[in-house]
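Worksheet: one structure, shown below.
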Amino acid sequence: MTNTRGIDPIVKDKDAKCFPGIFAVMKSFDVPIIYRSPLITAIKKKRKEQDRMKKDFTPTLLDLGSLQIYLARHFGFCYGVENAIEIAFRTVEENPGKRIFLLSEMIHNPQVNADLQSHGVQFMQDNYGKQLISFDELTADDIVIIPAFGTTLELEKKLKELGIQTEKYNTTCPFVEKVWNRSEQIAKKNYTIIIHGKPKHEETRATFSHAAANAPSVVVKDMQQAIELAKYIKGEKPAEQFYEEFKGQYSENFDVTRDLERIGVVNQTTMLASDTQAIADHLKQVMIEKYKLTTENVDERFADTRDTLCYATLENQQAVSGMLKTDADLAIVVGGYNSSNTSHLVELCEEKLPTYFINSEEKILSATEILHFNFHTKEELLTTSFLPTKKQVKVLITSGASCPDALVEGVINKLTSFFPVNKTTAELISKL
Ligand code: SF4
C-alpha cells in the first residue's frame, strides 16, 4: 500500500494550548494516498498560508466560467479521523496473518470502512451496538481496534478478560477523551452529567458509559428532550414518568427526584453548535429559576463545562455559515449517511438553499439526476433537474470530517463534466 507523509498540520495552536499533553507538537499522519486529492490539498495549503490563524471563513472560489464552485474554508478529514486511519492501516501492515477486528465501523465513511474490510479487517458490531461477530470467537492472539468514537468501559473490560491488549490499537479521538475527562471533573464535584448526544451513536454510548462510572448520567438527544427533562427538574411532571420517557438513556439507580439538583452538560463532539448552546442555556436558566440563583452563584447548581464540541465540528460549521453568505443555486454536502457531523452541515445548508447530501460522485447520475440522502427520513431520493439551466450556475460544496478529499474532487470533476469548462486541475491549482 502506498502511503504519503507530510500532510499539513491539522491542529491549531489554540488546540495545542488546550491539550498540551496531546498536541504540544504539531502532528501529521500517514494516510493512504487514495484518500487525498492534489487539488484539495493545494487549496487547503494555500488557504492555510493566507490565514494561519483560521479567522477567515469565506469559501474558496473555483471559477470555471459557467460553473462557479465555492468550497468551504474547512472540510474533510479531522485530526481524530486521520489518527484512526493511520493506526488502523499500520495495524494491518504490521500484523500479517493475524485476525484483526474493529469493534464497530472505525469512522462513518463507507469507503474507508470498505477499504479496511478489503484488507481483512472484520467489524464486530454495527453502528447501533448490534453484535455481528460474537466475542466468544475472539482469542488472546487476535487484534481488536477501538474506533475513533471510543468504546464503553464494559466492552473494554470484556476485551481485557479475553486477554486482548487494546492500548496499542486504540484509535479513540483525544477530543472524545476530553469529554470523558470533563465529565469526570464535574462528577468529582457531585454534579449529575447531562449528555447532549444521539443516544444510539457509538460515541455517546461510550461517553455515557464513562460518565455513568463516576456520576448519575442522562442523555438528552435534542432541545425537545432537554425541555422535557427540565419539567422533571421543576417538578412539573410526575417522577415515575421519567423512567419510561428516558428509557435506555439514564444510568443505573438514577433517582430523578434526587439526581437533578446539581447538573452539568457535556456533548457528543459532533452536535450542532447552536443546539448545544441552546440546551445548556435552557437548563442553566431552569436551575436559576428553580433555585433562585444569580449569575454569581449559579455554579452551586450548574457546572460551567463550556461546550465540548471538537475543533473540527466548530470549524466546519463556521465554514458552512461563511459559505452560506454566498448567493448560490444549490449546495452539495459529501459524507457518510450515518455521519453525525456531516448531517449537521446538511442541516445548516438546508435552511438556506436546495441541498444534496451524497456519499460519492456516483450519486450524481447525470446533469439532471442526483440520488441523495434525506437524513430526516433516512431514505435516498432521486431528484431531477437539480442543476438549474442558466448562464452561470453557483454550487456550494463541503464535506464531513470523515470524508476523504478525493471524494470531493470526484464531485467537482463530475459537475465540471456537465459544463463547457476547459480548465484542467493543474490550471486550477496554478490560479490559486
Ligand atoms: S470529529 Fe472531532 S471528535 Fe470526532 S474524530 Fe474528528 S476531531 Fe475527533
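Phi angles across segment 309-314 convert, under the Karplus curve 6.51 cos²θ - 1.76 cosθ + 1.60 with θ = phi - 60°, into 3J(HN,Hα) values of 5, 8, 4, 5, 4, 5 Hz, Gly and Pro given as x. Taking a ≥ b ≥ c as the square roots of the eigenvalues of the alpha carbon gyration tensor, segment 178-218 is prolate, as a/c is not under 1.5 and a/b beats b/c. Shown in residue order for segment 83-100 are the 3J(HN,Hα) couplings computed by the Karplus curve 6.51 cos²θ - 1.76 cosθ + 1.60 at θ = phi - 60°: 4, 5, 5, 4, 5, 5, 5, 5, 4, 4, 5, 7, 10, x, x, 8, 7, 10 Hz (x for Gly and Pro). For Thr355, the residues whose modelled amide H falls within less than 5 Å of its own, excluding neighbours fewer than 5 places apart on the same chain, are Ala331.
Sparse packing (at most 16 other Cβ atoms within 10 Å of the Cβ) combined with a DSSP loop state is found for the following trypsin sites (Lys or Arg not before Pro) in segment 163-272: Lys189, Lys200, Lys234, Lys247, Arg258. Taking a ≥ b ≥ c as the square roots of the eigenvalues of the alpha-carbon gyration tensor, segment 216-267 is classed rounded because a/c is under 1.5. Less than 5 angstrom separates the built amide H of Val31 from those of Thr4, all sequence-distant by 5 or more or on a different chain.
Across segment 374-380, computed HN-Hα scalar couplings (Karplus, 6.51 cos²θ - 1.76 cosθ + 1.60, θ = phi - 60°) run 9, 6, 6, 9, 6, 9, 8 Hz from first to last residue, x flagging Gly and Pro. Accessible surface computed residue by residue for the chain, with neighbouring protein chains in place and a 1.4 Å probe, gives 45 Å² per residue. Note on Met223/Lys188: beta-carbon distance plugged into 1/(1 + (r/R0)^6) with R0 of 30 Å gives a FRET efficiency of 0.60.
Of the accessible area of segment 182-334, computed with a 1.4 Å probe over protein heavy atoms only, carbon and sulfur atoms account for 46 percent. The loop-placed GluC sites (Glu not before Pro) in segment 253-304, going by DSSP, that have at most 11 neighbouring Cβ atoms within 10 Å of their Cβ come out as Glu296. Within a straight-line Cα-Cα reach of under 18 Å, Lys221 can be paired with the following lysines, leaving aside sequence neighbours fewer than 8 residues apart in one chain: Lys198, Lys200, Lys231, Lys247, Lys284, Lys378. Cβ-Cβ distance of Gln392 and Ala278, R₀ of 35 Å, FRET efficiency by 1/(1 + (r/R0)^6): the value works out to about 0.40. Label point of Lys325 set 7 angstrom out along Cα-Cβ; within segment 391-421, amide nitrogens under 17 Å from it belong to 396-397.
Taking segment 388-407 and a reference point 7 angstrom along Cα→Cβ of Thr425, the backbone N atoms nearer than 12 Å belong to 405-407. If R0 equals 25 Å, the separation of the Cβ atoms of Asn297 and Lys231 corresponds to a calculated FRET efficiency of about 0.60. The amide H of Tyr70, built 1.01 Å from its N in the peptide plane, has Leu62, Val395, Leu396, Ile397 as neighbours under 5 Å, considering only residues 5 or more places off or on other chains. A helix-only calculation puts the chain at -11000 deg cm²/dmol for mean residue ellipticity at 222 nm, using -39500 (n - 2.57) for each DSSP H run of at least four residues, averaged over all residues.
The values are calculated or read from the model by the stated rules, or taken from the named source; none is laboratory data. This one's a predicted model, so the numbers in the text were calculated from it and none came from an experiment. Cβ: placed from backbone, ideal geometry, glycine included. Neighbour counts: every protein chain shown. Please note that ligands, DNA and RNA were not included when accessible areas were found on the heavy atoms of the full protein model with its side chains. Shrake-Rupley method; radii C 1.70, N 1.55, O 1.52, S 1.80 Å.
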